[in-house]
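Since the structure comes first, as structure tokens, the remarks are kept for the end.
All of the numbers you see were taken from the coordinates with simple rules; none came from a lab. Because the structure is predicted, anything quoted here is derived from the model rather than measured. Cβ sites come from the backbone with ideal geometry, for glycine too, and all protein chains shown count toward neighbours.
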């Protein structure tokens, strides 16, 4: 299945009482370039997320936005600073003994002193948070790939239509190429007749010149290779692996054959068809820039 390099996916989930939000965006790139943007406190999640992205994506500039919201978590624990509390109690007893007064300090009074009670928020289990975050990332990646596949189907249809047009143009070149040799022979004969006027024309010389011209402008090999490239590209379009780089390579081969035909052409109609051919090849090249 062809996939576009541009796409978007999003998902939400939870880890305990922590809310997790994931957004994934991508644009074209020659290689895979993944950037994970998340709170610095959870920087340890970056590598697991990148590893997961690499399983789903092989090419493109990918940004993964991770939002972790702990505001809903109520795992709060109040701890007693035992050494400090004991120090306060000891101090109170010492004051009572030294000044012969009644010691009547209560729990509430003791708790009001600074740092006797400490409020702590229980930290989430790092391994569980990583597992749950990666699960949400996978959901986002699934939606991300669904969107890319829909776009890829459109790209595939457009490239297939371009291939049909290229095939039609190649058939035209096959048809008109021999005709240009015949026209050249006729023109050559007429010109020699004009130059020599009433003198007898050497038919063997005409045939030799025509044969040399035919060999110089023959495009049979290029046509055969173009047809082969068309077949290869059609096969690639129905494959399941990433095909962007393969299409890039084949488009170069298409252009090479088209340029060779253009350089051999000695006919205005051939030149016109080659221009149309190169235009269609360029459109495929542009579309290939969007394919993973």
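Roughly speaking, what is the stretch gain from residue 1 to residue 58, that is 0.36 nm per residue apart minus the C-alpha to C-alpha distance, in nm to one decimal?
19.2 nm
Let's test the formula: R0 of 25 Å, r as the Cβ-Cβ distance of residue 44 and residue 17. What FRET efficiency results, to the nearest 0.05?
Given R0 = 25 Å and the Cβ-Cβ separation, E is 0.80.
What distance in nm lies between label points placed 7 Å from Cα along the C-beta direction at residue 109 and residue 165?
9.3 nm
Please state, to two decimals, what the Cα-based radius of gyration of segment 25-157 comes to when divided by 2.2 N^0.38 Å (N = residues).
1.95
Fewest first, what order do 33, 98 take by the number of other Cβ atoms within 10 Å?
98, 33
What is the extension gain from residue 116 to residue 174, computed as 0.36 nm multiplied by their sequence separation minus the C-alpha to C-alpha distance, in nm to one decimal?
Roughly 11.5 nm would be gained on extension.
How large is the Kirkwood hydrodynamic radius of segment 76-121, in angstrom, based on all distinct alpha carbon pairs?
The Cα-based Kirkwood calculation yields 11.5 Å.
Once you have the Cα-Cα distance between residue 220 and residue 236, take 0.36 nm times their residue separation minus that, and quote the gain in nm to one decimal.
That works out to 3.3 nm of additional length.
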